[in-house]
Structure formats: C-alpha cells, structure tokens
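Before any comments, here is the structure.
The values are calculated or read from the model by the stated rules, or taken from the named source; none is laboratory data. Since the model is a prediction, treat every value here as computed from it, not as a measurement. When we count neighbours, we look across all protein chains shown, and the Cβ atoms used for this are built from the backbone with ideal geometry, even at glycine. The accessibility values were calculated without ligands, DNA or RNA, using every heavy atom of the protein model including side chains. Shrake-Rupley method; radii C 1.70, N 1.55, O 1.52, S 1.80 Å.
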Amino acid sequence: MRFDLTGKKALVTGASSGIGQRMAECLAEAGATVVASARRADRLEQTVDRIQAAGGQAMSVVMDVSDVESIRQGIDTADKELGGLDILVNNAGILVDKPVLKTTPEDFDRAFATNVRGMFFASQAFAERAIAAKRGGSIVNVGSLGAWKPTRGLSVYGASKAAVHQLTKVFAQEWGRKGIRVNCIHPGYIHTEINDELIRSPTGKQLTQMLLRKRIGTPKDLDGALLLFASDAGDYLTGASLDADDGQSLTF
Ligand SMILES: NC(=O)c1ccc[n+]([C@@H]2O[C@H](COP(=O)([O-])OP(=O)(O)OC[C@H]3O[C@@H](n4cnc5c(N)ncnc54)[C@H](OP(=O)(O)O)[C@@H]3O)[C@@H](O)[C@H]2O)c1
C-alpha cells in the first residue's frame with residue numbers, strides 16, 4: 001500500500017497539541033517511527049504515550065522553533081537517535097488575531113519567528129542532513145487558508161502563512177533534484193486550543209452555521225492530506241498546496 005510508512009522516520013513540530021499531536025499519531029498509525037517535538041515536555045510525553053499505547057513507535061524531543069540553535073540540536077538528536085529522518089512536518093505555529101492598528105512589533109516578530117523562521121530553519125536542517133546522506137525525503141508544511149484569503153484581524157498571521165506557501169515552492173525547486181519533496185496543507189477551521197475560544201463563542205457558532213456542512217473540522221480530518229504528501233502515494237507531488245477545508249473557503 002503506497003500510503004504505508006513502515007520503516008520511515010518522521011519528526012513533527014508542534015506535536016504537543018491539536019493538529020500536530022494528531023499528525024504524529026497518524027504517521028505512527030501508518031507505520032512510521034515518530035519524533036514528537038515542541039516546547040512543553042509534559043505534553044509531548046502525552047503524545048508519545050498515546051502513540052505507544054496504540055502500538056506505535058515514538059520519542060519526544062523538546063525544541064523551540066523560534067530558536068535556531070534549539071532547532072538544530074533537536075533535528076540532530078532525532079537524526080542521530082533514529083539513524084536519519086525521512087519526513088519533516090512543519091506544523092508548529094501561533095495565531096496573532098488583532099487589527100492592524102493594534103498589532104505591536106513584538107506580535108509581528110513572534111508570529112514570523114515561529115511560523116516562518118521556524119519552518120525555514122527546520123527545513124534547512126532536515127535537508128542538509130538528507131542531502132548529505134543521499135536519502136531524499138518529504139517535507140509537509142502546515143499553512144492556512146489565511147495564506148491566500150485576506151481576513152480582518154489576521155494580517156500578520158496571514159502574511160506569515162503566505163510566506164510558508166511561497167517557501168514551500170522554493171524549497172521544492174532547490175531540493176527537487178535531491179529527491180526531497182516539499183508540499184503544503186492549508187487547513188480550514190479545525191477545533192484546537194488555538195481557536196477554542198472563538199469556536200465556542202456566539203460568533204463561532206454563527207460561523208459554523210454558514211459552512212457547507214455546518215461543521216468545524218477536527219485534527220483527524222487532515223489525515224488524508226498528510227498521508228498523501230508524506231508517503232509514496234504523493235511521489236508525483238512537490239511544490240503543491242492543498243486547501244484541506246471541507247469547502248469552507250467557498251462559503252465566506
Ligand atoms: N486550528 C486551525 O483552525 C488551523 C487552521 C489553519 C492552520 N492552522 C495551523 O496549524 C498549526 C497547528 O495549530 P493548532 O490548531 O494545532 O494549534 P495548537 O493546538 O495551539 O498547537 C500549536 C502547536 O505549536 C507549538 N508551538 C508553538 N510555538 C512553538 C515554538 N516556538 N516552538 C515549538 N513549538 C511551538 C505548540 O507547542 P508548545 O506550546 O508545547 O511549544 C503546539 O503544539 C499551526 O501552524 C496553525 O497556524 C490551524
């Protein structure tokens with residue numbers, strides 16, 4: 001089965017909650033050995049426990065993607081421990097939801113340090129090692145519909161995800177001949193800690209009613225897109241971006 005990841009080794013950033021936690025579980029269910037990474041060690045242990053309880057293989061590496069040294073150390077540890085990584089999922093991200101006039105330089109820098117600089121240098125560290133080992137690999141980036149759809153309050157967040165969209169294509173160009181595929185998933189609304197307050201609010205309930213299937217996604221709804229890009233089933237895909245949004249972007 002071409003979606004099978006048996007024997008593959010994957011590192012997922014932001015695997016301590018929400019989408020990243022599910023992506024780590026999903027890759028493990030498909031047979032990969034997974035490295036769950038993020039800043040909160042206790043929450044990473046929960047991810048590892050869930051994977052192991054389901055019969056999968058996983059370890060955790062504490063890594064702050066806003067700190068390039070921490071990224072390099074984290075990827076190094078994972079690479080050495082497992083004898084080389086095949087898959088990198090750049091999922092760690094933060095939301096800045098503020099009107100332009102209220103946005104501070106600190107908000108701007110925080111969003112770009114995590115959402116853009118983090119995925120940039122994690123990808124660089126992954127690709128350096130994969131190219132040196134002549135191994136190839138697959139990088140899956142987590143963008144957002146905000147990358148292409150202007151949304152009030154999400155100026156900095158959207159711009160950071162537009163950068164992720166663009167970098168996906170440039171990485172794919174630069175590393176295609178080395179056998180590294182790079183693709184991007186743009187999720188629609190997925191109920192996680194990042195948007196829990198909004199989804200539960202009256203505005204969130206109104207928004208849900210507007211959607212084609214009147215439902216907000218769950219992290220599991222991204223399994224198909226992830227496995228397509230991460231596995232050999234996506235062998236002909238690189239530099240691609242997929243809106244995985246249940247048609248949400250068609251309704252607003
Ligand atoms: N939920 C949605 O509707 C939605 C839609 C489109 C795109 N996305 C994107 O999906 C990704 C995951 O978001 P989510 O919804 O799952 O939110 P979440 O539950 O808040 O998860 C965010 C994850 O990112 C990690 N993280 C944040 N800053 C980090 C840093 N400096 N270094 C390492 N890890 C860091 C967090 O872990 P620690 O705090 O432990 O470090 C956490 O595991 C984000 O990139 C987000 O932009 C989400």
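Here are some notes:
- The chain: mean projected area of Cα convex hull, nm²: 13.1 nm²
- Theoretical FRET efficiency, 1/(1+(r/R0)^6), r = Cβ-Cβ of residue 166 and residue 43, R0 35 Å, to 0.05: 0.70
- Probe 1.4 Å, protein heavy atoms only - accessible area per residue of the chain in square angstrom: 48 Å²
- Accessible surface of segment 125-252, 1.4 Å probe, proportion on carbon and sulfur as whole %: 54 percent
- Per-peptide average of other Cβ atoms within 10 Å, ordering 16-25, 76-85, 157-166, 99-108 highest first: 16-25, 157-166, 76-85, 99-108
- Length added when fully stretched, residue 159-residue 135, from 0.36 nm per residue minus Cα-Cα: 5.4 nm
- In percent, rounded to a whole number, the relative contact order of segment 9-250 is 18, using alpha-carbon pairs under 8 Å and six or more apart.
- Its convex hull of Cα atoms gives segment 125-213 a direction-averaged projected area, equal to a quarter of the hull surface, of 7.4 nm².
- Gained length - residue 128 relative to residue 57, 0.36 nm times residue gap less alpha-carbon distance: 23.1 nm
- Between the Cα long axis of helix 18-29 and the first principal axis of the chain there is an angle of about 30°, rounded to the nearest 10.
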